[in-house]
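Heads up: the structure comes next, in structure tokens.
The values are calculated or read from the model by the stated rules, or taken from the named source; none is laboratory data. For clarity, every value in this text was computed on a predicted model and none was experimentally measured. Every residue, glycine as well, gets a Cβ built from its backbone with ideal geometry; the counts of neighbours run over all protein chains shown.
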Amino acid sequence: MSRIPYPDLTKLPDTMQKMLAGTPLNVVRMGAHASQKMFEAQGQLAYAIASPDVLDPKIRETAILRVAHLCASDYELHHHIPLAKSVGLTAADLAAIESGRYAALDPILAAVAAFTDEVVRLVSPTDATLARLRALVSDRILVNTLLTIGNYMTIARLIAVTGPDIDVGALAKLPTGH
């Protein structure tokens, strides 16, 4: 059971109701407590992050899973482990991402995971970690990864504070990429 009640969806503006109908997740429902502008902006950011032309899906899911593991977000893990598998991350990749031991990962994914660790734990990565990632990806990918990390840190905190119920079977109802 959630820590705070879900908002009364019938009292929300039509645009928010439409967004909720398109992404029927409890965390999104909980986010509808926000102002309409904040809710819509968060939705736009979420859709941008999910777009494969913003980040390679393996990079995206590696960063999201590291955030989820570091924040102990069972809700995020519930949704993103199946998504990670669907974009081609293997059981060995998932084990490395969970454990924080990245030697078995592709060099780019290992650099993304280490970068995510330091952004979550230290706020700013070390110069060596930043240089390692920059040697492998463009600055655009680096910044898109950073914004993805920040977004999922925010979502992990929304989940931790409000406690939405884990969605059962919701992934089958979502647009591709979420």
Single condition Leu65 does not satisfy, out of (1) more than 17 Å from Ala114 (Cα to Cα); (2) under 13 Å from the mean Cα position of the chain (by Cα); (3) not polar (S, T, N, Q):
(1)
What's the total number of residues in the range 73-99 that are loosely packed, with under 14 Cβ neighbours inside 10 Å, in contact with a helix residue (DSSP H, G or I) (Cβ under 7 Å, 6 or more places away or on another chain) and among the small types (Gly, Ala, Ser)?
1
Quick one: which residue in Ala114, Ala104, Ala131 is in a loop (DSSP other than H, G, I, E, B), free of Cβ contacts under 8 Å to residues at least 24 places away in the same chain and either small (Gly, Ala, Ser) or outside the structural domain of Ala46 (by TED's automatic domain parsing) (or both)?
Ala104
